[in-house]
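For reference, the structure is listed below as structure tokens.
A short reminder: the numbers here are calculations on the coordinates, not readings from a lab. Remember, predicted model here, so these are calculated numbers, not experimental data. With ideal geometry, Cβ positions are generated from the backbone for all residues, glycine too; neighbour counts draw on all protein chains shown.
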Amino acid sequence: MTVQKQTLGEFIIENQSSFKYSSGELSRLINSIRLAAKIVNHEVNKAGLVDILGAAGDTNIQGEDQQKLDVYANEKFIQTLTKRNIVCGIASEEEDSFITINSQDENNQNKYVVLIDPLDGSSNIDVNVSVGTIFSIYRRVTPVGTPVQIEDFLQKGSEQVAAGYVVYGTSTMLVYTTGHGVNGFTLNPAIGSFYLSHPNMSFPEDGNIYSVNEGNYLDFPLGIKKYIKYCQEEEDDRPYTSRYIGSLVSDFHRNMIKGGIYMYPKGSRNPNGKLRLLYECNPMAFIAEQANGKSSDGYTRTMDVEPTELHQRVPFVCGSKNMVEKVEQYMREF
Ligand code: AHG
Ligand code: MN
Ligand code: MN
Ligand code: MN
């Protein structure tokens with residue numbers, strides 16, 4: 001007899017009491033993200049059929065050409081979170097500044113802020129390769145009932161209450177943590193429900209996959225160059241396999257399941273690396289650590305980096321524990 005898998009909705013209700021602050025607010029917030037993910041998934045899935053491919057014609061604060069799906073996903077996540085009156089502020093890769101949610105309710109007691117990368121891997125949209133969404137949730141540090149301030153967003157990753165991602169891949173999955181391990185849910189598109197398909201996800205301690213844009217090799221710090229050569233040497237279980245999709249979410253997801261390391265080091269084009277601390281690196285670092293993996297900038301734990309600005313970039317090394325430690329050792333040595 002097959003046992004029916006738990007739905008995400010059931011899982012959220014059942015685990016609500018284990019949240020650090022269990023007022024039901026965080027559960028409602030994750031429920032809204034679940035809804036927005038389904039809406040975006042629907043659009044991503046028909047991307048070749050409707051006029052949603054290609055550039056939107058604008059440049060975002062990152063200096064990147066916005067794709068239509070970047071704009072669409074950004075709108076849907078913001079609308080879903082705003083209209084349901086669940087958060088007090090949102091920051092997004094696609095928005096110059098943070099958004100203050102003015103509650104219609106005078107007794108607005110909303111405590112959480114959300115930081116999102118609405119569509120991760122946008123360069124892959126037009127070629128039918130997996131993209132994702134990343135989210136990170138904090139409790140505000142300024143008084144409840146007042147407009148949010150920049151310091152509500154510039155918190156260290158170690159203060160995250162929850163973080164997760166959606167991967168719109170061969171199947172669509174939502175993977176998240178509230179600090180009690182990592183669980184993955186797969187969408188059954190016929191029914192429109194996410195089911196718990198990957199309970200207690202965990203990085204193998206070691207792996208044999210390395211993911212890095214080697215086109216930037218000449219620019220990399222010596223420690224990273226040496227590590228890449230180490231991956232390529234014929235010795236023991238090496239050479240390792242090189243796998244790079246160019247969507248952080250998808251590269252991370254594969255490495256968590258199979259064992260591997262993702263690196264986006266600094267280079268002359270990207271003096272601090274390319275990935276954004278607040279809505280890419282910190283949420284992935286929280287998930288990685290909750291799944292027995294590790295994340296750093298090569299020296300410092302990602303979640304200990306003190307944020308100074310919303311769109312700050314940091315070098316990023318994340319994945320199986322032993323592999324990340326090896327990179328850190330090379331960074332110290334060379
Ligand atoms: P985004 O699409 O949200 O701007 O993020 C792109 C990021 C990340 O997903 C990916 O791993 C990385 O950029 C790829 O960068 P390169 O094309 O420079 O390798
Ligand atoms: Mn972008
Ligand atoms: Mn991204
Ligand atoms: Mn993005």
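A few remarks follow.
- Exclusive hit being surrounded by 23 or more Cβ atoms within 10 Å (Cβ to Cβ) and away from ligand 4 (no atom under 14 Å from the Cβ), set Val131, Val87: Val87
- Matching residues in region 117-131 - criterion: being within 13 Å of ligand 3 (Cβ to nearest atom) and either assigned to a helix (DSSP H, G or I) or in contact with a Cys (Cβ under 8 Å, 6 or more places away or on another chain) (or both): Ser122, Ser123, Asn124, Ile125
- Checking Tyr227, Tyr210 one by one, the residue that is among the hydroxyl-bearing types (Ser, Thr, Tyr) and not in a strand (DSSP E or B) is Tyr227 and no other.
- Within region 151-172, the set of residues being within 23 Å of Glu75 (Cβ to Cβ) and either of a type in the set (Phe, Trp, Tyr) or more than 16 Å from ligand 3 (Cβ to nearest atom) (or both) comprises Asp152, Phe153, Ala162, Tyr165, Tyr168, Thr172.
- Region 200-229, residues that are within 16 Å of ligand 3 (Cβ to nearest atom) and surrounded by fewer than 17 Cβ atoms within 10 Å (Cβ to Cβ): Asn213
- For region 211-258, a tally of residues being under 27 Å from the mean Cα position of the chain (by Cα), aliphatic (A, V, I, L, M) and farther than 26 Å from Tyr168 by Cβ returns 2.
- Residue satisfying all of: in region 253-277; within 16 Å of ligand 2 (Cβ to nearest atom) and touching a strand residue (DSSP E or B) at 6+ places or on another chain (Cβ under 8 Å); farthest from Glu214 (Cα to Cα) among these: Leu277
- Taking region 137-165 as the range and being closer than 21 Å to Ala288 by Cβ, more than 16 Å from ligand 2 (Cβ to nearest atom) and not in a helix (DSSP H, G or I) as the test, the residues that pass are Ile137, Tyr138, Gln155, Lys156, Gln160, Val161, Ala162, Ala163, Gly164.
- Scope region 147-180; condition closer than 15 Å to Val87 by Cα and aromatic (Phe, Trp, Tyr); matching residues: Phe153
- In the condition set (1) under 23 Å from Glu289 (Cα atoms); (2) in contact with a helix residue (DSSP H, G or I) (Cβ under 8 Å, 6 or more places away or on another chain); (3) of a type in the set (Gly, Ala, Ser), Ser193 is compliant with all but (1).
- Qualifying residue in region 250-261 (condition: of a type in the set (Val, Ile, Thr), out of contact with any Cys (no Cβ under 6 Å at 6 or more places or on another chain) and in contact (Cβ under 8 Å) with a residue 60 or more places away in the chain): yes
- Residues that are within 20 Å of Thr170 (Cβ to Cβ), without any contact (Cβ under 8 Å) to a residue 12 or more places away in the chain and assigned to a loop (DSSP other than H, G, I, E, B), drawn from region 31-68: Lys46, Leu49
- Tallying residues that are assigned to a helix (DSSP H, G or I) and either away from ligand 3 (no atom under 14 Å from the Cβ) or hydrophobic (A, V, I, L, M, F, W, C) (or both) within region 69-90 yields 13.
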